Amino acid sequence: MQIATILKRIAFVYLIEVAMSALPASSTSSVPEPSSSTSVSTTLRPDSIGTVGVTATVISAAAPLTVMAGVAPIALAIGGVGVPGAYLLAGAVLAVFAIGFTAMAAQIRRTGGFFVYIGHAFGGTAGFAAAVLAIVSYNLLQIGVYGLFGIQTRAALDDLFGVTAPWWVISAIAVVVVFILGALGIDVGAKVLVVLITLESAILAIMGIAIVVQGGAEGLGAASFDPSNVFQSGVLAVLGICFAAFMGFESTALYRAEARDPARTIPRATYAAVGFMALFYCFITWTVVQALGEAGVQGGAGKQGAALFFATIHQYVGAWAEHAMYVLIVTSVYASQLAFHNAINRYVFGMAESGALPRVFARTNRAGSPAFAGAVQSLLAITVVLVFGLAGLDPFQDLVIKVNTPGVIGVILLQALVAAAAVAFFLRRRGMPRRVFLTSSSVVAAGLMAWVIYVVVKHIEVLTGAPKAINDVLVAIVPATLLLGVVGGLVLRRVRPETIALLARDDAGTELPE
């Protein structure tokens with residue numbers, strides 16, 4: 001009863017704070033607003049988040065504990081001993097991508113992420129199409145994972161308290177809590193994410209260190225890094241799973257307007273996020289390979305399935321660690337949802353600020369958060385969760401897998417387009433320092449990302465486990481969304497050419513021809 005009372009009081013205080021912060025603040029927008037007797041703010045709060053906060057936010061979007069305990073067992077069961085090397089390979093590809101991405105982000109100072117860079121290089125119509133694809137892809141990723149949150153929270157409640165509850169009720173409550181924390185401001189959310197990412201990383205590190213200290217099942221080996229094991233067909237089949245583990249790292253640029261010293265913060269956070277995830281995922285999966293034995297990793301992972309990490313930490317650390325992992329995997333998914341929620345809202349904010357969406361989506365509350373955009377996104381999420389739940393659909397196969405898959409492909413396609421945009425961007429700037437290096441690295445990144453898309457689509461059944469007809473539909477969602485965005489951009493260019501033109505400019509007014 002005391003715990004319930006405390007939780008009620010905390011919820012009451014949160015609701016009061018959100019209600020107060022949602023009240024319109026005085027306008028400080030740098031973008032012209034229609035004259036009105038009542039002005040509202042359309043400005044994000046500057047200097048509110050540093051390198052650590054941005055890094056924690058984007059790593060939280062990837063949800064390290066979730067992708068390890070929840071998804072890595074699938075990769076190990078299919079790819080076997082070479083999977084740790086595949087995570088390292090994915091990190092290396094994304095590090096090459098980050099070279100041109102961060103250099104271009106340092107030159108273009110507008111909020112909006114991918115669509116700003118694509119629009120600046122290829123014109124406003126392309127930028128609008130990229131924005132549509134980004135918003136759809138990130139929503140698919142975020143909303144789909146609510147199914148995973150419901151499953152894992154239900155399992156944790158059962159493990160710890162013997163309580164059962166419908167997954168969709170749990171997920172619906174999570175949508176509301178994510179909105180509340182998002183509305184309180186990026187600085188508040190970042191502080192929470194730093195704590196959560198530290199805890200979930202710590203429990204995995206404890207497990208990994210314990211395995212190393214105890215020598216695993218058969219002693220420690222390095223077969224996971226033999227190229228013949230990394231580049232074999234089974235590992236390539238799960239390469240999409242490895243890249244999906246990094247989803248969200250590129251959203252560092254979305255926080256430029258809110259970051260302290262963004263010219264330094266954004267590149268540092270991007271490289272820190274990629275480097276940490278690549279090395280951490282590689283180390284943790286390598287230790288699990290050692291725990292199972294290099295010869296028996298596929299059979300062991302296939303037999304234990306989703307219980308693999310929980311059984312491993314129980315064996316090498318103890319029952320207390322297994323119970324802690326059940327709790328922390330719930331907070332891991334929550335942290336991911338909050339990070340994606342913030343990223344989606346800043347994409348929408350950037351489009352609204354440019355006039356490509358109704359200006360109401362650019363409104364911010366007193367905490368400097370795009371709360372209206374957040375409310376609409378949360379309403380969409382809770383509607384999807386309730387529809388899936390009430391229809392009796394499977395939260396994992398139907399909501400997580402099938403909804404997430406086109407989102408993963410969409411984000412990788414956006415990364416490929418940004419790499420190509422970086423090539424065009426640097427070729428047009430003859431006096432830019434390191435121009436040859438930045439251009440060549442971006443060419444390599446574009447080629448690598450195109451190869452990743454090919455591999456992921458070729459092995460799409462590994463991600464979905466669905467029939468070919470369903471997989472074809474899931475893949476087709478991505479080009480269909482991009483095409484819809486192009487059509488919308490062409491229409492907008494005809495009826496509101498100034499808006500499309502703005503999507504091809506930076507804050508200094510520099511414009512590239514379409």
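Which whole-Hz ³J(HN,Hα) couplings does segment 227-244 yield from phi under the Karplus relation 6.51 cos²θ - 1.76 cosθ + 1.60, θ = phi - 60°, glycine and proline marked x?
Listing the rounded values in order: x, 5, 8, 6, 9, 8, 4, x, 5, 4, 5, 9, 4, x, 5, 5, 5, 4 Hz.
Tell me, what is the per residue accessible area of segment 216-375 in Å², probe radius 1.4 Å?
Values: 5100 Å² over 160 residues.
On a per-residue basis, segment 216-375 sits at 32 Å².
Share of the chain's accessible area from carbon and sulfur, percent, 1.4 Å?
Values: 13570 of 19830 Å².
Percent of accessible area from carbon and sulfur atoms in the chain: 68.
In nm, to one decimal, how far is the modelled label at LEU484 from the one at THR164, with both set 7 Å along Cα→Cβ?
Going from the LEU484 label point to the THR164 one covers 3.8 nm.
State, as an integer percentage, the relative contact order of the chain based on alpha-carbon contacts under 8 Å between residues 6 or more apart. Don't skip to the end; give the middle numbers.
Details: 882 pairs, mean separation 170.9, N = 514.
About 33 percent, as a whole number.
May I ask you to list the residues of segment 338-362 whose amide nitrogen lies under 18 Å from a point 7 Å from Cα along the Cα→beta-carbon direction of GLU498?
Residues passing the 18 Å test: 351-360, 362.
So what is the relative contact order for segment 387-514, in percent, with contacts set as C-alpha pairs under 8 Å and at least six apart? Kindly include the intermediate steps, with their values, before the conclusion.
Details: 77 pairs, mean separation 29.6, N = 128.
Normalised by residue count, the contact order of segment 387-514 is 23 percent.
Give me the accessible area per residue for segment 44-147, probe 1.4 Å, as a whole number in Å².
Values: 1810 Å² over 104 residues.
Value for segment 44-147: 17 Å² per residue.
With a probe of 1.4 Å, find how much accessible area segment 415-512 has per residue, and write the answer as a whole number in Å².
Numbers: 5140 Å² over 98 residues.
For segment 415-512, the per-residue accessible area is 52 Å².
In debye, nearest 20: dipole of the chain around its Cα centre with unit charges on the Cβ of K, R (+) and D, E (-)? Before the final figure, lay out the partial values.
On the way: 28 positive and 24 negative charges, 260 e Å.
So the dipole magnitude of the chain works out to roughly 1240 debye.
Using Cα pairs closer than 8 Å and at least 6 residues apart in sequence, work out the relative contact order for segment 288-416, in percent. Walk me through the intermediate numbers first.
Values: 63 pairs, mean separation 13.1, N = 129.
Answer for segment 288-416 is 10 percent.
Identify, among ALA121, ALA301, GLN214, the residue whose Cα sits farthest towards the positive end of the charge dipole of the chain, taking +1 on the Cβ of Lys and Arg and -1 on the Cβ of Asp and Glu, with the dipole about the Cα centre.
ALA121
Which angle between 0 and 90 degrees, to the nearest 10, do you get for helix 186-214 versus the longest principal axis of the chain when only C-alpha atoms count?
Roughly 20 degrees between the two axes.
For n ≥ 4 DSSP H runs only, could you compute -39500 (n - 2.57) per run for the chain, divide by its residues and tell me the 222 nm figure to the nearest 500? Please list the in-between numbers first.
On the way: 21 runs with 366 residues, N = 514.
Rounded to the nearest 500, it is -24000 deg cm²/dmol.
Would you kindly state how much longer the chain becomes between VAL213 and LEU386 on full extension, computed as 0.36 nm times their sequence separation minus their alpha carbon distance, in nm to one decimal?
Details: separation 173, 0.36 × 173 = 62.28 nm, distance 4.62 nm.
That works out to 57.7 nm of additional length.
Roughly speaking, what is the centre-to-centre gap between segment 345-389 and segment 47-113 when only Cα atoms are used, to the nearest Å?
First find each Cα centre; the distance between them is then 24 Å.
Hey, what angle do you get for helix 402-427 against the long axis of the chain, alpha-carbon based, 0 to 90 degrees rounded to 10?
50
The values are calculated or read from the model by the stated rules, or taken from the named source; none is laboratory data. Computed from a predicted model, the values in this text were never measured in an experiment. As a convention, Cβ positions derive from the backbone with ideal geometry for all residues, glycine included, and neighbour counts pool all protein chains shown. Note: areas computed on protein heavy atoms with side chains; ligands, DNA, RNA excluded. Shrake-Rupley method; radii C 1.70, N 1.55, O 1.52, S 1.80 Å.
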